[in-house]
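Just so it is clear, none of the values below were taken in a lab; they were calculated from the coordinates. Treat the numbers as computed from the prediction; the structure is a model and nothing was measured. For neighbour counting, all protein chains shown are included, and Cβ atoms are generated from backbone atoms with ideal geometry for every residue, glycine included.
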Amino acid sequence: MDKMDKVEQLEQNCWTILSPGEKEAVHKFSGGYIKFLNESKTEREAVDYIYGLALEAGFIPLEKCSQLNPGQRIVMQAKGKVCALIILGPDPLEEGVNIVASHIDSPRLDLKARPLYEEEGLAWLKTHYYGGIKKYQWLAIPLAMHGVVIKKNGEKVNIVIGENPQDPVLTIADLLPHLAKEQMEKKMSEAISGEGLNALVGSIPLDGESKNPVKGYIMQLLSERYGIEEEDFTSAELELVPAFPAREVGLDRSLIGGYGQDDRVSAYASLQAALEVTNPARTVICLFADKEEIGSVGNTGLHSLLLENLLTEILHVAGIDSYLGLRRCLAKSYALSADVNAAVDPNYPEVFEKRNCSFLSRGVVLTKYTGSRGKAESNDANPEFLGRIRKMMEESGVCWQVGELGKVDIGGGGTVAQYLAYYGMEVLDCGVAVMGMHSPFEIVSKVDLYMSFKAYRAFMQAFK
Ligand code: MN
Ligand code: MN
């Protein structure tokens with residue numbers, strides 16, 4: 001490695017620099033990650049998983065803390081969809097904190113408020129897709145239903161159907177090619193309509209029911225199993241997600257395929273990093289946010305007062321109740337926006353600029369700016385901060401690369417970085433490269449996952 005030109009290092013396959021022991025660690029780490037993916041297919045399930053693991057590791061809920069001391073480990077959650085792990089550093093909070101922010105929501109098909117209907121003797125569920133999807137990818141695959149239903153009496157019913165191998169699944173059938181001549185001539189964006197994403201849910205009529213008997217039987221089943229009635233769908237959050245599990249990809253087992261890796265790959269890596277950090281150089285906040293896929297909106301997204309409110313509560317326990325204290329804490333903070341970038345796919349060379357896009361297995365990706373149409377809607381990280389992060393990567397033995405999201409003028413995207421930068425803190429996008437992003441089966445490299453974990457751990461433990 002030391003003989004190598006510094007620029008060549010940015011194009012290095014990270015597997016080549018791992019010792020046998022490190023290779024074993026990479027595969028072992030991936031095993032835990034695959035388990036996390038399979039148990040956390042929604043933001044709520046991710047929060048339950050993270051919160052549970054934090055409690056097990058000795059993190060204390062903030063509401064149980066009456067004062068703050070260096071080294072203390074705290075966990076917070078909001079609305080069951082956002083979560084944060086905090087590890088106190090030695091300095092006053094007005095000196096700023098180190099934030100690693102990922103998001104735990106992923107593209108999916110949400111059920112509408114009145115989803116269930118019967119047509120041609122079959123029962124169906126209407127959906128409204130969440131996030132940026134290529135609609136055709138959601139046809140002809142097994143779908144599981146995850147989520148919550150809130151009954152009129154306030155009772156919350158948790159639903160997961162389709163994950164147990166004995167469970168039935170739902171699906172959206174695709175049109176047979178024999179009759180798809182006209183459809184195949186359409187633009188890909190128009191070939192399948194949003195209103196066409198209706199999931200098949202049953203075909204047996206209810207005995208003695210004359211009007212919509214198939215729908216009636218489905219409602220009877222739901223009532224027997226969950227005690228819910230049709231109107232309860234109006235106060236529910238039910239998500240259709242791919243029913244198959246994440247698994248190793250490649251004959252060499254070097255890759256991981258699965259749903260929701262944008263951005264649960266960063267969530268898992270930063271979670272594991274936070275669990276390992278003790279007595280950090282600055283206070284650490286490992287944040288897991290919601291709603292990134294639809295613009296970080298709503299009261300669980302980062303384009304809200306979420307982070308401010310969270311910090312206000314922490315500062316209050318620390319005895320800091322001033323506006324100035326909060327503003328200084330935010331403005332003097334450092335943040336890694338932990339989110340994925342697009343891996344170069346040689347099947348589509350026309351959209352990637354190979355000198356500046358990221359590749360699978362070349363390490364964690366530093367993305368100075370995202371955005372589209374001339375960096376619009378992007379945080380553009382300050383090079384002074386980037387330079388310090390580069391140094392940290394080198395000192396911590398983290399394999400890294402740079403990555404822009406595709407060619408200029410081809411498209412683009414964003415992350416939570418801009419909403420963090422709003423407060424004045426230094427922010428950089430830092431995450432792994434994903435192939436097939438936003439598809440039901442996204443692909444990452446195990447070694448990139450591991451390098452992102454090492455990067456987040458180094459940033460949390462010692463960056464000052
Ligand atoms: Mn993302
Ligand atoms: Mn995304």
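So what is the orientation-averaged projected area of the range 331-464, using the convex hull of its C-alpha atoms, in nm²? Before the final figure, lay out each step's value.
Details: hull surface 31.8 nm².
That works out to 7.9 nm², a quarter of the Cα hull's surface.
Take the Cα atoms of the chain, build their convex hull, and give its volume per residue in Å³. The partial results should precede the final answer.
Numbers: hull volume 76.1 nm³, N = 464.
Roughly 164 Å³ of hull volume per residue.
Among the cysteines of the chain, those with no neighbouring cysteine Cβ under 4.7 Å are C65, C83, C286, C329, C357, C430. For the range 1-121, the calculated P(r) over all alpha carbon pairs, in 10 Å bins from 0 to the bin holding the longest distance, is 10, 24, 25, 25, 11, 4, 1, 0 percent.
As a test of understanding, state the convex hull volume per residue of the range 299-388 from its alpha carbons, in Å³.
On the way: hull volume 15.1 nm³, N = 90.
Each residue corresponds to 167 Å³ of Cα convex hull volume.
With everything on Cα atoms, drop me the angle between helix 446-462 and the longest principal axis of the chain, reported from 0 to 90° to the nearest 10. Once rounded, one gets 50 degrees.
The share of Cα pairs per 5 Å bin across the range 364-442, counted from zero up to the longest distance, runs 3, 14, 22, 24, 19, 12, 5, 1 percent.
For T16, T171, what ranking results if the residue with the fewest other Cβ atoms within 10 Å of its Cβ goes first? Kindly include the intermediate steps, with their values, before the conclusion.
Details: T16 10, T171 18.
With the fewest neighbours first, T16, T171 line up as T16, T171.
Could you work out the helix-only [θ] at 222 nm for the chain, with each DSSP H run of four or more residues adding -39,500 (n - 2.57) and the total divided by the number of residues, to the nearest 500 deg cm²/dmol? Dividing the helical sum by the residues of the chain leaves -8500 deg cm²/dmol. Taking Cα atoms only, the orientation of helix 306-317 departs from the longest principal axis of the chain by about 50 degrees. Under 17 Å of direct C-alpha separation, and excluding same-chain neighbours fewer than eight residues apart, K181 reaches these aspartates and glutamates: E190. Once the mean of 1/r is taken over each pair of separate Cα atoms and inverted, the range 105-158 shows a Kirkwood hydrodynamic radius of 13.3 Å.
Listed by chain and number, the lysines placed with their C-alpha closer than 21 angstrom to that of K391 are K3, K6, K332, K368, K454, K464; residues fewer than eight positions away on the same chain are left out.
Taking the C-alpha atoms only, the angle from helix 213-226 to the longest principal axis of the chain is near 50 degrees.
Over 20 Å between Cα atoms, which of K35/K64; K41/K291; K64/K291; K81/K291 qualify? Before the final figure, lay out each step's value.
Details: K35/K64 30 Å; K41/K291 14 Å; K64/K291 28 Å; K81/K291 9 Å.
From the list (K35/K64; K41/K291; K64/K291; K81/K291), the Cα-Cα distance tops 20 Å for K35/K64; K64/K291.
Hydrodynamic radius of the range 108-242 by the Kirkwood approach over all distinct alpha-carbon pairs: 15.9 Å.
Would you list C430, C83, C65, C357 from fewest to most Cβ contacts within 10 Å? Don't jump to the answer; show the numbers that get you there.
Working: C430 31, C83 25, C65 16, C357 22.
Ranked by crowding around the Cβ, least crowded first: C65, C357, C83, C430.
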